[in-house]
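Taking it in order: structure first as structure tokens, then the write-up.
Read-outs: derived from the displayed coordinates by stated rules, not from any lab. Everything numeric here is computed off the predicted structure, so don't read it as measured data. Heads up, the Cβs are rebuilt from the backbone with ideal geometry, glycines too, and the neighbour counts pull from every protein chain shown.
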Protein chains: 2
Amino acid sequence: MSHSVGGVRQAQKRKTRQALLDAALGLLEEQSLSSLGLREVTRVVGVAPTAFYRHFRDLGELGVALVEEALGSLHVMVRAILAEQDAAEERIDRTIAVVERHVREHPAHVRFVARERRGGVRAVRHAIAGELDRFAEEVAAALKTQPVSAGWRDEDVRMLAELYVDRLVTTAAELLDAREEGGEEAAGRVVWRARRQLRLISLGRRHWGEEGRASHEG
Amino acid sequence: MSHSVGGVRQAQKRKTRQALLDAALGLLEEQSLSSLGLREVTRVVGVAPTAFYRHFRDLGELGVALVEEALGSLHVMVRAILAEQDAAEERIDRTIAVVERHVREHPAHVRFVARERRGGVRAVRHAIAGELDRFAEEVAAALKTQPVSAGWRDEDVRMLAELYVDRLVTTAAELLDAREEGGEEAAGRVVWRARRQLRLISLGRRHWGEEGRASHEG
DNA sequence: AAGTTGAGAGGACAGTTGTTCACTGACTTC
DNA sequence: GAAGTCAGTGAACAACTGTCCTCTCAACTT
């Protein structure tokens with residue numbers, strides 16, 4: 001463990017970089033990115049303000065890095081859902097369970113994404129939109145292989161996938177602040193509602209062929 | 001028009017108050033409320049920083065006032081939709097049209113609500129949540145009177161209403177920044193997608209009685 | 001006509017902000 | 001083991017922030 005690539009140098013740098021990300025994420029629980037201060041972040045880490053510039057040009061760049069981190073973990077969650085091959089009803093339960101677990105394990109990430117998705121920093125909004133787009137694409141690909149999607153137009157599968165993705169992100173966000181502000185009882189209501197909404201959507205999906213896709217083609 | 005209640009005094013005060021609200025709303029196009037400065041707002045209005053305190057305790061209070069203003073106009077839009085008694089398909093088209101018009105006429109309000117719904121100021125989040133709750137209640141009441149809802153449990157009507165409300169708010173937000181960043185073409189895609197998503201939901205609604213509400217009661 | 005009120009002005013305050021610059025000294029490379 | 005690299009330091013900068021205080025003077029009250 002002496003002269004291997006990576007070195008003590010780079011390792012230490014990565015460590016402070018991660019510390020900056022963690023500190024920022026922590027501070028973002030009670031404010032939004034556009035009001036976060038550079039000095040505020042470095043103060044928490046215990047490092048000089050100027051050290052910040054060794055890692056990021058500005059807070060927007062740090063924000064984008066946070067997006068990658070946050071949606072990287074979300075990626076795992078989505079794959080876990082898509083891997084299942086259950087019947088519709090069990091699939092929904094599994095999905096909700098995964099969302100619940102994710103919110104419990106990465107609350108700060110969930111909050112960050114939900115908040116900055118429509119937040120005040122353009123670069124971060126774009127980064128999130130791009131990642132969620134990739135998720136939607138993955139989901140669409142998975143949906144397409146299911147028997148229920150036989151005969152569906154690609155654009156319709158995609159619109160369904162986007163509906164699902166948006167619903168999951170929204171549910172995660174709602175679950176998070178329900179738990180914080182209304183306790184376990186309020187969280188339970190959110191879960192109940194999300195489950196039934198997914199059920200209704202899945203019901204609409206099953207009957208799409210009958211009349212849904214027929215009208216207003218172009 | 002001399003000694004009537006209201007007076008020149010109060011009128012002038014209301015005027016600057018409104019000017020503060022307008023200035024803030026304008027500044028919020030490119031940042032979020034938690035990063036907005038008190039001086040920044042008064043500077044735009046052309047008034048001394050201290051004058052701010054005559055109208056609001058702090059920016060959070062101004063934010064709550066903005067919520068009332070923004071969702072007041074949204075209220076009009078929702079009623080317009082609910083008043084219609086068309087068939088499902090025409091109803092969807094009308095709904096989308098009203099959303100489009102609203103986004104065009106009140107872009108700043110739409111952006112504000114979308115951004116601060118999950119934003120960094122607790123009081124504002126709560127105010128928005130409260131208003132949207134009232135909307136959902138109104139929508140639920142309207143849905144209940146429709147024949148399709150015969151035999152539905154109240155909680156299910158409510159969960160559907162919330163799904164609709166959330167979808168409309170989301171669509172409005174997406175439509176707004178699609179138009180700004182991708183032009184009319186991107187906006188068209190958003191509208192197309194939203195229409196089909198509403199259609200799918202409405203389809204699920206029509207078949208809810210068959211199997212949807214049956215499972216997992218309690 | 002005299003007195004009260006209150007929206008807004010203007011100065012001053014202590015803190016904070018992002019960015020610059022020259023610097024140190026542990027690690028890496030030859 | 002000498003030379004070089006570069007993550008992090010610390011002082012200084014002008015610009016800005018929210019809040020306090022006293023003041024003014026037009027609109028209102030009686």
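How large is the charge dipole for segment B:39-130, taken about the Cα centre, if only the Cβ atoms of Lys, Arg (+1) and Asp, Glu (-1) carry charge, to the nearest 20 debye?
560 debye
Counting other beta carbons within 10 Å of each residue's own, what order do B:GLU131, B:GLU68 fall into, fewest first?
Exposure proxy ranking, most exposed first: B:GLU68, B:GLU131.
Could you pull the copy-to-copy label distances for A:GLU210, with points set 7 Å along Cα to Cβ, in nm to one decimal and sorted shortest first?
0.4
Say each of A:GLU137 and B:GLN146 gets a label point 7 Å from the Cα, pointing the same way as Cα to Cβ; how far apart are those two points in nm?
Result: 3.6 nm between the two label points.
Using every Cα-Cα pair within chain B, state what percent have a distance larger than 23 Å.
When every Cα pair of chain B is considered, 55 percent fall beyond 23 Å.
Note the distances from B:SER73 to each other copy's matching label point, with points 7 Å along the Cα-to-beta-carbon direction, in nm, sorted shortest first.
3.8
Work out Dmax and Rg for segment A:1-99 from the C-alpha atoms and quote the Rg first, both in angstrom.
For segment A:1-99, the Cα radius of gyration and maximum Cα-Cα distance read 18.6, 55 Å.
Which of rounded, prolate or oblate describes segment A:48-149 when judged by the alpha-carbon gyration tensor and an a/c cut-off of 1.5?
Prolate, since a/c reaches 1.5 and a/b exceeds b/c.
With angles folded into 0 to 90 degrees, how steeply does helix B:107-116 sit against the dominant principal axis of chain B? Use alpha carbons for both and round to 10.
80 degrees
Assuming a ≥ b ≥ c are the square roots of the Cα gyration tensor eigenvalues, decide whether segment B:131-179 counts as rounded (a/c under 1.5), prolate (otherwise, with a/b larger than b/c) or oblate.
Prolate, because a/c is 1.5 or more and a/b exceeds b/c.
Farthest toward the dipole's positive end in the protein assembly as shown, which of B:ALA23, B:VAL103, B:LEU168, given Cβ charges of +1 (Lys, Arg) and -1 (Asp, Glu) about the Cα centre?
B:ALA23
Would you mind estimating how fast segment A:127-218 diffuses translationally, via Stokes-Einstein at 20 °C and 1.002 mPa s with the Kirkwood radius over Cα pairs, in µm²/s?
Stokes-Einstein gives a translational diffusion coefficient of 146 µm²/s.
About the Cα centre, and with charges only on the beta carbon of Lys, Arg (+1) and Asp, Glu (-1), how big is the dipole of the protein assembly as shown? Nearest 20 debye, please.
1240 debye
Each label point is 7 Å from the Cα along the Cα-to-Cβ direction; what then is the distance between the points at A:ASP93 and A:HIS126, in nm?
Those two pseudo-labels are separated by 4.5 nm.
DSSP loop (so not H, G, I, E, B), at most 10 other Cβ within 10 Å: list which trypsin sites (Lys or Arg not before Pro) in segment B:17-69 pass both filters.
Qualifying residues, ordered by number: B:ARG57.
Using a label position 7 Å from Cα in the Cα→Cβ direction, what is the ascending list of nm distances from A:ASP22 to the same site in the other copies?
Those label-point separations list as 5.0 nm.
Take chain B, connect every pair of alpha-carbon atoms lying under 10 Å apart with a spring to form a Gaussian network, then pick out the residue of B:VAL148, B:VAL110, B:VAL121 with the largest mean-square fluctuation.
For chain B, modelled as a Gaussian network with Cα springs under 10 Å, the answer is B:VAL148.
Under the 0.36 nm per residue contour assumption, what length would be gained going from the current alpha-carbon distance of A:GLU181 and A:LYS13 to full extension?
That works out to 56.7 nm of additional length.
Between rounded, prolate and oblate, where does the protein assembly as shown land on the alpha carbon gyration tensor, with a ≥ b ≥ c its root eigenvalues, rounded for a/c under 1.5, else prolate if a/b exceeds b/c?
Judged from the Cα gyration tensor, the protein assembly as shown comes out oblate (a/c at least 1.5, b/c at or above a/b).
Give me the Debye-computed log₁₀ of I(q)/I(0) at q = 0.26 Å⁻¹ for segment A:31-76, equal point scatterers on Cα only, no solvent, two decimals.
-0.98
Compute the helix-to-body angle for A:154-206: its Cα long axis versus the longest principal axis of chain A, expressed 0 to 90° and rounded to tens.
Between helix and principal axis, roughly 60 degrees.
From the helices alone, meaning DSSP H stretches of at least four residues, give me the mean residue ellipticity at 222 nm for chain A, per-run term -39500 (n - 2.57), in deg cm²/dmol to the nearest 500.
Counting only the DSSP helices, I get -25500 deg cm²/dmol.
Where the centroid of each part is defined by its Cα atoms, how far is segment B:29-72 from segment B:174-205 in Å?
Taking the Cα centre of each part, segment B:29-72 and segment B:174-205 sit 32 Å apart.
Between 0 and 90 degrees, rounded to the nearest ten: what's the tilt of helix A:88-105 against the longest Cα principal axis of chain A?
10 degrees
Going by how many other beta carbons lie within 10 Å of each one, how would you line up B:THR145, A:THR42, fewest first?
Ranking B:THR145, A:THR42 by Cβ neighbours within 10 Å, fewest first, gives B:THR145, A:THR42.
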